[in-house]
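Beneath this line is the structure, given in structure tokens, with notes to follow.
The values are calculated or read from the model by the stated rules, or taken from the named source; none is laboratory data. Only a predicted model underlies this, so the values are computations on that prediction, with no experimental measurement involved. No Cβ is skipped: glycine too gets one built from the backbone with ideal geometry, and neighbour counts run over all protein chains shown.
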There are 6 protein chains.
Amino acid sequence: MARVVVKISGKHVTPEKPGLLKSYARVLKSLAGEGLLAAVVVGGGRAARSYIDAARGAGLGNRSMLDMLGIEAARLNARLLAYLLHPHSHPEPPRSLWEALQAAATGRIVVAGGFQPGQSTAAVAALLAEALQADMLVLATTVDGVYTSDPRRDRSARRLPRLTYQQLLRVLEQSLEPGRYELLDPLAVAVLERSGIPSRVVDGSDPENVARAARGEPVGSLVEPSGGGSG
Amino acid sequence: MARVVVKISGKHVTPEKPGLLKSYARVLKSLAGEGLLAAVVVGGGRAARSYIDAARGAGLGNRSMLDMLGIEAARLNARLLAYLLHPHSHPEPPRSLWEALQAAATGRIVVAGGFQPGQSTAAVAALLAEALQADMLVLATTVDGVYTSDPRRDRSARRLPRLTYQQLLRVLEQSLEPGRYELLDPLAVAVLERSGIPSRVVDGSDPENVARAARGEPVGSLVEPSGGGSG
Amino acid sequence: MARVVVKISGKHVTPEKPGLLKSYARVLKSLAGEGLLAAVVVGGGRAARSYIDAARGAGLGNRSMLDMLGIEAARLNARLLAYLLHPHSHPEPPRSLWEALQAAATGRIVVAGGFQPGQSTAAVAALLAEALQADMLVLATTVDGVYTSDPRRDRSARRLPRLTYQQLLRVLEQSLEPGRYELLDPLAVAVLERSGIPSRVVDGSDPENVARAARGEPVGSLVEPSGGGSG
Amino acid sequence: MARVVVKISGKHVTPEKPGLLKSYARVLKSLAGEGLLAAVVVGGGRAARSYIDAARGAGLGNRSMLDMLGIEAARLNARLLAYLLHPHSHPEPPRSLWEALQAAATGRIVVAGGFQPGQSTAAVAALLAEALQADMLVLATTVDGVYTSDPRRDRSARRLPRLTYQQLLRVLEQSLEPGRYELLDPLAVAVLERSGIPSRVVDGSDPENVARAARGEPVGSLVEPSGGGSG
Amino acid sequence: MARVVVKISGKHVTPEKPGLLKSYARVLKSLAGEGLLAAVVVGGGRAARSYIDAARGAGLGNRSMLDMLGIEAARLNARLLAYLLHPHSHPEPPRSLWEALQAAATGRIVVAGGFQPGQSTAAVAALLAEALQADMLVLATTVDGVYTSDPRRDRSARRLPRLTYQQLLRVLEQSLEPGRYELLDPLAVAVLERSGIPSRVVDGSDPENVARAARGEPVGSLVEPSGGGSG
Amino acid sequence: MARVVVKISGKHVTPEKPGLLKSYARVLKSLAGEGLLAAVVVGGGRAARSYIDAARGAGLGNRSMLDMLGIEAARLNARLLAYLLHPHSHPEPPRSLWEALQAAATGRIVVAGGFQPGQSTAAVAALLAEALQADMLVLATTVDGVYTSDPRRDRSARRLPRLTYQQLLRVLEQSLEPGRYELLDPLAVAVLERSGIPSRVVDGSDPENVARAARGEPVGSLVEPSGGGSG
């Protein structure tokens, strides 16, 4: 049976949206019951930005600590979700891949925020997918797939149902400000490529898209390894 | 040299008020430099309520877990403050009195949120003051002292410069809704009484009041053990 | 299937009574095998008092540390029981509700002593029952139920087969010295009330009473939420 | 400045003797204040035997777990002493040499019970002395030194003011039942020999003997490495 | 179903022999699948000696720390094997028997290196066998069984298909340099004797011998308790 | 007083070179005594490659676990160095930035290997320098500075005494195979840039170069932030 890691934007799993939270809890519980879920990773969203901004405003110059505050906010979102998924989930969001493997050894679903300053939650999700030997990464994001160019600026942009990670990196470099990788950063891509794990990019504002992707339906965009992965 | 534990309402130490946060960081660093500070405890404030409400709204019926979410939000506030006080502070908010004593063994100031469902942060502060053998607990709250009755409802209410814990409990029972103890709950009072530790209730909207109290100045209201404490 | 948390007085699970210990091990193993057991909580009993008295006699004035010694003695009793229940039980008595949830994630029965100074083991049992979503708390105590008044002093006292938590609190306030709550303290009652978890008070000097209660038989006194619990 | 590790028999540091406990606390605090104390190790004494016997009586056949119960009882004695020595001591008795080194990194005195089934507390003390680079091990025992033969049986036995570890092993083999090493077991001797750490065997029923030994006075018996140690 | 603990010489599970490592992974996975495996213990081998020698050469006189380096090298070998056995194994080699029991509570196979300076990995294996209530210890060593004398020096030496632990100790004392116990040290023998756990000594250069021993086949030498064990 | 983090190539701190190890221990102890040292980070070197290759050869396809083995080998090198620096150093190499901050709270020097799969030890060193607010990062590498092009291939290459991080990145991109960053990877540069921390690249085959760099002497190449860092 195929198992997935789901990475959800902090914009979707957040105390500001209890209704969406409830839908996510229902959908993820259902996937857990079907044995399809290995781990869930959530971003820090608004809480992370709020704590980082406040600390900076109050004079905290230590950038590592600013990042660590953001990660702790993401872990708070993860805990919120973990408690909603209880008892399918492990109750403690891990702070490293070592802790994640120990949590997974109980047979429970790992729910994580971030691991490390300077590292995206997408990279955390990629590492978890690799370490837990998941078959796919589902990216529940704020867009409904990968486009040829930024659809907000280019009306001729069209959604790609299928592309490679290398194509994705090129699209991201073109359509975004330099250095900003909303979907997947280079570390995440390197990890997914080397282990041959495909990703599916779906519109996370509807959790049913996550369910469809996890069950193998062709929703959003499928991003595939270029070949040569060891998986 | 007298050392204090400072308990700050989550309304004052919160990302929504970076200016106040900055003032608190400055004042507490100064007290730390003077060797006056043993520990700081902060409430969960708005973040705690937000996560608890969201979890409940999303269907979480497990009340212990709801409380634990609130405590984790308080620990996030504590971490925010701990990072601002670095390197005077220990970087990790403890989750039990055992962890607090281990953190204190490094000689750093302990910054804590909550410890336990069903327990106020005032009780946490009282236990820390007792365990760390502090000489006073400073309660930085939303009022400028203890009044004979609720000053928001009773214009004849007057501030008590000095009272006993037993008098405080009677005032709290009269002026508040039953079972709500904004300043100190019965466990906190029991701990402070048995160890003979006085408290000073000050208006926490100005951190200078905390500094004055820590330096022994007669600000706000002094609450004293009734006698017979072992301290 | 209904699952219970069993709270046993430290007077019953203690090295002074190996025969009773053996009976408890047998009965609890049997309940574990039937899938009826979520957690067991034991008090500190004589060992706790002995260490607290010794420390006080040797000059320890730190009341938090005195309480912590008592809790560690209760955890030693818990470990004794946990080893007897092995491999049904998790081998490490938790020191906080966070650790308890992590232990429970292995699918093993949690065996706990205390968590926190100023907190009864009944409160620990109530929090565990709530967090682990147990259906009932069984209180194996030194009396065979709740009486209308103290049967040791009042010959007209009669056992109540069924009462509410509010009735229990009133009985406790009347029949005991002020502030002493042998069965359940206010925090424990508040937790059980809010989560709608009934308790059964049984005579713990015979472990079979625990088995009967866990299997739903009408032994001792049943204490019920007043209604309105969220469970 | 020379630093010592003190190993105290569980017969002397036990809740049954609060007066002796108080004297030990006073003497050890004084040594700590003089910078002479690196670590203290205490045996399990009566509590250990009581828990082991109870568990065995209740049917626990797992010998490792029986030993672990005894070690936890020794750790409870260690905690009792650590709290009495607070704040000179680290508050948490370690369960391994790794934990002991981490506790020592705070600059506090480590107070330990046992580490491992099948290992004497004398071996724990020897390992701590070696790891913390102490200059001497003080053994506060139930005899006032090492005798040529068992003074309880042989009236011509005389106390040796000075001997080597090899001489000690020969004496122990002669005067005791085979396999019983009350003072030092072979592992402890091997550790002390290889690191060239002398021991002083003193009558622990008077804590002043420990103080004298720690300050370099010629009390009891001095046991010396045979030479060739790496210390 | 009988369960075994397998102790493998660090000479066989080492990065220098990836082919043998692969065979061990295959064989142990197969035994795990059959439910026959409780724990695996590996020695430090060449890596341990290399780090200890380097540290000594660089001036480290602290013998406990030298031993601890060797144990960490053994734990690295254990991790190597644990990752190869994933997900049958727990991912984290324990550093004490307490940690080992917690890892075993997940239902995964424990893979350990050493626990303690001054203690052989055979003793670790014996303690794990006892604590996890295994039925046999399989010793995958560099010889194909126990001989009447050292077969490298004595051509008349013959392999003993069956002997007692006491006979083994006598053979070891005769054929080896004093104090060197390659197969089992006195602590390991004491543990196995007291719990009535037999061992099978097999030639570990072929992992199939381990499989045969685990399945109850009469390979190598069987070492039996002398009787009177509590198992 | 300026404090530095030193990052040493695993080629220099390795059991194969006990003489160099001894020199490093002497030099780093001296810097620690002068209060100049905040943390030391070492790579995995030959041990890391050996374990990774062995695991891959034995069939381990899990790339995260392969990286984790390499990190554990680097942590073994770090432990070797930490024990040599004892008692200046904290004895336990951290596995995350959180653990590193807790170790640093004891006032001891943190000695680290790696933190995370997919992350260089240079990135670990940069994060530690940022979190511990060090004034400079010293990179003890296999070259004696940064060259205009690869000196092994281009005889006209000349060493740059001073350059910016952006210039360094351009040099690395030209002279190395794509994607290989021996000195500093993009994450490390991003961290050092944002916090305004300069690095000095020195020839680590002579530890005196590290001492000179730490004391502010103009050895090797100085790499400076481009300006605009928050430090």
- Task: Answer yes if at least one residue in the stretch F:144-167 is crowded, with 18+ Cβ neighbours inside 10 Å, of a type in the set (D, E, K, R) and more than 14 Å from chain A (Cβ to nearest Cβ), and no otherwise.
- Result: yes
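Is there a residue in the stretch D:11-20 that is buried (at least 22 other Cβ atoms within 10 Å of the Cβ) and out of contact with any strand residue (DSSP E or B) (no Cβ under 7 Å at 6 or more places or on another chain)? Write out each step before concluding.
As a first pass, look at the stretch D:11-20 and keep what is buried (at least 22 other Cβ atoms within 10 Å of the Cβ): D:12-15.
Pick out the ones that are also out of contact with any strand residue (DSSP E or B) (no Cβ under 7 Å at 6 or more places or on another chain) and you get D:14-15.
Checking the stretch D:11-20: at least one residue is buried (at least 22 other Cβ atoms within 10 Å of the Cβ) and out of contact with any strand residue (DSSP E or B) (no Cβ under 7 Å at 6 or more places or on another chain).
Condition check ((1) more than 7 Å from every other protein chain (Cβ to nearest Cβ); (2) under 18 Å from B:Ser96 (Cα atoms)) across all residues:
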{"residue": "C:Ser64", "(1), (2)": "no, yes"}
{"residue": "C:Ile71", "(1), (2)": "yes, yes"}
{"residue": "C:Ala74", "(1), (2)": "yes, yes"}
{"residue": "C:Leu80", "(1), (2)": "no, no"}
{"residue": "C:Leu85", "(1), (2)": "yes, no"}
{"residue": "C:His88", "(1), (2)": "yes, no"}
{"residue": "C:Pro94", "(1), (2)": "yes, yes"}
{"residue": "C:Leu97", "(1), (2)": "no, yes"}
{"residue": "C:Ala103", "(1), (2)": "yes, yes"}
- Within the stretch D:184-197, the count of residues that are more than 17 Å from D:Arg170 (Cα to Cα) and not in a helix (DSSP H, G or I) comes to 3
- Query: Hey, E:Ala78 hits all of (1) at positive phi; (2) out of contact with any helix residue (DSSP H, G or I) (no Cβ under 7 Å at 6 or more places or on another chain) but one; which does it fall short on?
  - Reply: (1)
- Query: For the stretch F:82-90, does any single residue satisfy the condition of being touching a Lys or Arg at 6+ places or on another chain (Cβ under 6 Å), of a type outside the set (Phe, Trp, Tyr) and on the phi > 0 side of the Ramachandran plot?
  - Reply: no
- Select from the stretch A:118-169 the residues that are outside any loop (DSSP other than H, G, I, E, B), modelled with pLDDT under 95 and among the basic types (Lys, Arg) and list them in ascending order. A:Arg159
- Task: Quickly run through the stretch E:38-62 and pick out the residues that are over 27 Å from E:Ala103 (Cβ atoms) and among the hydrophobic types (A, V, I, L, M, F, W, C).
- Result: E:Ala54, E:Ala55, E:Ala58, E:Leu60
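Answer yes or no as to whether D:Ala32 is surrounded by fewer than 23 Cβ atoms within 10 Å (Cβ to Cβ) and in contact with a helix residue (DSSP H, G or I) (Cβ under 7 Å, 6 or more places away or on another chain). Working first, answer last.
Numbers: surrounded by fewer than 23 Cβ atoms within 10 Å (Cβ to Cβ): yes; in contact with a helix residue (DSSP H, G or I) (Cβ under 7 Å, 6 or more places away or on another chain): yes.
Yes: the conditions hold for D:Ala32.
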- Note on the structure: Here the residues within the stretch B:27-47 that are more than 16 Å from the chain's Cα centre (by Cα) and over 23 Å from B:Leu132 (Cα atoms) are B:Ala47
- Query: Are any residues in the stretch E:188-220 of a type in the set (D, E, K, R) and away from chain D (no Cβ under 14 Å), and if so, which ones?
  - Reply: E:Arg200, E:Asp203, E:Asp206, E:Glu208, E:Arg212, E:Arg215, E:Glu217
- Query: Out of all the residues in the stretch B:198-231, which are modelled with pLDDT of 95 or more and in a loop (DSSP other than H, G, I, E, B)?
  - Reply: B:Pro198, B:Gly204, B:Ser205, B:Asp206, B:Pro207, B:Arg215, B:Gly216, B:Glu217, B:Pro218, B:Val219, B:Gly220, B:Pro225
- Item | Selection within the stretch F:1-54 - in a loop (DSSP other than H, G, I, E, B), within 12 Å of another protein chain (Cβ to nearest Cβ) and of a type in the set (S, T, N, Q) | F:Thr14
- Query: Any residue in the stretch A:60-67 that is farther than 29 Å from B:Leu85 by Cβ and more than 18 Å from the chain's Cα centre (by Cα)?
  - Reply: no
- Taking the stretch D:46-62 and keeping residues in contact (Cβ under 8 Å) with a residue 12 or more places away in the chain and surrounded by fewer than 24 Cβ atoms within 10 Å (Cβ to Cβ) leaves D:Arg46, D:Arg49, D:Ser50, D:Ile52
- Note on the structure: So, first residue farther than 17 Å from A:Arg26 by Cβ in the stretch A:68-92, second residue acidic (Asp, Glu) and not in a helix (DSSP H, G or I), Cβ within less than 9 Å, six or more apart or across chains; the pairs are A:Arg79/A:Glu92
- Quick one: count up the residues across the stretch A:105-132 that are more than 8 Å from chain F (Cβ to nearest Cβ) and more than 15 Å from F:Asn62 (Cβ to Cβ). 14
- Taking the stretch B:189-215 as the search range and keeping residues that are touching a helix residue (DSSP H, G or I) at 6+ places or on another chain (Cβ under 9 Å) and of a type in the set (Lys, Arg), which one is farthest from B:Leu139 (Cα to Cα)? B:Arg194
- Item | Number of the condition not met by E:Thr106 [criteria: (1) polar (S, T, N, Q); (2) within 25 Å of C:Gly107 (Cβ to Cβ); (3) not in a loop (DSSP other than H, G, I, E, B)] | (3)
- Test set (1) modelled with pLDDT under 95; (2) farther than 24 Å from D:Lys17 by Cβ; (3) not hydrophobic (A, V, I, L, M, F, W, C) - D:Ser195 fails condition number: (1)
- Test each condition in (1) in a loop (DSSP other than H, G, I, E, B); (2) free of Cβ contacts under 8 Å to residues at least 40 places away in the same chain; (3) under 18 Å from B:Ile71 (Cα atoms) for C:Trp98 and report the one that comes out false. (1)
